[in-house]
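Enquirer: Here's a structure for you.
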Amino acid sequence: MNSVINAILDRKSQPRLCGPAPAPEVLEVALACALRAPDHALQRPWRYLVIEGEGLQVLGEVFAAAAADPVQPIAGDPERMRQLPLRAPMILVPITCHRHHPKVPPLEEQMSTAAGVAYLLLALESQGYGAMWRTGELAAHPAVANALGLADNEQVAGFVYVGTVLAEKPKVTRPAVADVVRRWPSEAR
Ligand SMILES: Cc1cc2nc3c(=O)[nH]c(=O)nc-3n(C[C@H](O)[C@H](O)[C@H](O)COP(=O)(O)O)c2cc1C
């Protein structure tokens with residue numbers, strides 16, 4: 001098998017991360033891979049934020065404030081929310097930008113973003129770093145979007161925690177190909 005196939009088959013999320021974060025040249029390559037995502041009508045329906053250092057503490061304040069939001073509170077201890085971004089030395093925020101193209105519905109823009117994030121994860125892992133894509137209520141919270149400077153046509157696609165792997169997580173098993181693939185129309189569901 002070639003190196004691309006091996007990288008895909010070996011990919012895994014890594015929740016336990018520490019410093020150092022990827023060096024700028026490593027990050028540059030990983031983000032360039034993300035920007036290779038398939039993109040209907042070449043709308044570039046995505047952009048990324050890079051957060052590290054003090055920015056992680058600022059993001060923790062944003063999370064804590066969102067958790068305590070009187071209009072849309074999030075269940076859980078705001079103090080815990082404040083600590084969440086400190087689980088890694090770097091967080092990348094993929095953002096879907098809805099372009100309102102007549103042939104490209106919002107779902108396709110989200111799918112293009114997700115394809116880019118998948119490439120990003122692979123590119124980081126293949127360069128020796130761990131990463132974990134997280135979403136949850138915080139990713140969908142308007143106060144978080146507002147604090148991150150998103151426009152009305154934009155949407156947080158998650159938080160990709162990135163760093164050096166502290167403790168390797170075992171690979172999660174996947175179904176066998178034969179379990180989820182059928183020839184159509186010859187094979188029944
Ligand atoms: C869109 C998306 C959102 C995710 N959000 C979370 C999350 O909020 N918390 C979490 O622990 N994992 C999250 N994950 C990661 C999955 O838990 C992880 O991919 C899954 O457990 C399989 O593990 P693996 O990636 O190591 O194969 C998310 C994955 C995707 C694709």
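The values are calculated or read from the model by the stated rules, or taken from the named source; none is laboratory data. A quick note: this is a predicted structure, and the numbers were derived from the prediction, not measured. Because the Cβ atoms are built from the backbone with ideal geometry, glycine has one as well, and the counts that use them run over all protein chains shown. To get the accessible areas, we keep the full protein, side chains included, count just its heavy atoms, and leave off ligands, DNA and RNA. Shrake-Rupley method; radii C 1.70, N 1.55, O 1.52, S 1.80 Å.
Enquirer: Can you name the condition, by its number, that residue 63 falls short on among (1) within 16 Å of the ligand (Cβ to nearest atom); (2) open to solvent by 70 Å² or more (accessible area, probe 1.4 Å); (3) part of a helix (DSSP H, G or I)?
Expert: (2)
Enquirer: Of all residues in the stretch 77-107, how many are part of a loop (DSSP other than H, G, I, E, B) and over 22 Å from the mean Cα position of the chain (by Cα)? Before you say what the answer is, go through the steps one by one.
Expert: Of the residues in the stretch 77-107, the ones part of a loop (DSSP other than H, G, I, E, B) are 77, 88-89, 98-105.
After this cut, where a residue has to be over 22 Å from the mean Cα position of the chain (by Cα) as well, the list is 77, 100-103.
So the answer is 5.
Enquirer: Taking the stretch 111-127 as the search range and keeping residues that are open to solvent by 20 Å² or more (accessible area, probe 1.4 Å) and more than 12 Å from the ligand (Cβ to nearest atom), which one is nearest to residue 97 (Cα to Cα)?
Expert: 119
Enquirer: As an exercise: evaluate residue 98 against (1) farther than 14 Å from residue 153 by Cα; (2) open to solvent by less than 60 Å² (accessible area, probe 1.4 Å) and give the number of the one condition it does not meet.
Expert: (1)
Enquirer: Here's another thing I want to ask about it. So, in the stretch 1-44, how many residues would count as being farther than 23 Å from residue 85 by Cα, open to solvent by less than 40 Å² (accessible area, probe 1.4 Å) and away from the ligand (no atom under 16 Å from the Cβ)?
Expert: Counting residues in the stretch 1-44 that are farther than 23 Å from residue 85 by Cα, open to solvent by less than 40 Å² (accessible area, probe 1.4 Å) and away from the ligand (no atom under 16 Å from the Cβ) gives 1.
Enquirer: If I go through the stretch 136-189 residue by residue, how many of them are open to solvent by 50 Å² or more (accessible area, probe 1.4 Å) and β-branched (Val, Ile, Thr)?
Expert: Total satisfying the criteria: 5.
Enquirer: Next up: Show the residue pairs that are 6+ apart or on different chains and have beta-carbon atoms under 9 Å apart, the first residue being within the stretch 25-52 and hydroxyl-bearing (Ser, Thr, Tyr), the second being part of a helix (DSSP H, G or I) and crowded, with 16+ Cβ neighbours inside 10 Å.
Expert: 48/31; 48/34; 48/116; 48/120
Enquirer: Looking at this structure, is residue 72 open to solvent by 70 Å² or more (accessible area, probe 1.4 Å) and either assigned to a helix (DSSP H, G or I) or within 24 Å of residue 128 (Cα to Cα) (or both)?
Expert: Details: open to solvent by 70 Å² or more (accessible area, probe 1.4 Å): yes; either assigned to a helix (DSSP H, G or I) or within 24 Å of residue 128 (Cα to Cα) (or both): no.
So residue 72 does not fit the description; no.
Enquirer: Taking only pairs six or more apart or across chains, which ones have beta-carbon atoms under 8 Å, a first residue in the stretch 103-124 that is in contact (Cβ under 8 Å) with a residue 60 or more places away in the chain and more than 21 Å from residue 22 (Cα to Cα), and a second residue that is more than 14 Å from the ligand (Cβ to nearest atom) and part of a helix (DSSP H, G or I)?
Expert: From residues that are in contact (Cβ under 8 Å) with a residue 60 or more places away in the chain and more than 21 Å from residue 22 (Cα to Cα), the pairs are 103/40; 103/41; 104/40; 104/41; 108/40; 112/40.
Enquirer: Considering (1) within 12 Å of the chain's Cα centre (by Cα); (2) under 28 Å from residue 9 (Cβ atoms), say which one residue 163 fails and leave the rest.
Expert: (1)
Enquirer: Of all residues in the stretch 128-184, count the ones that are of a type in the set (Gly, Ala, Ser), more than 10 Å from the ligand (Cβ to nearest atom) and part of a loop (DSSP other than H, G, I, E, B).
Expert: So the count comes out to 5.
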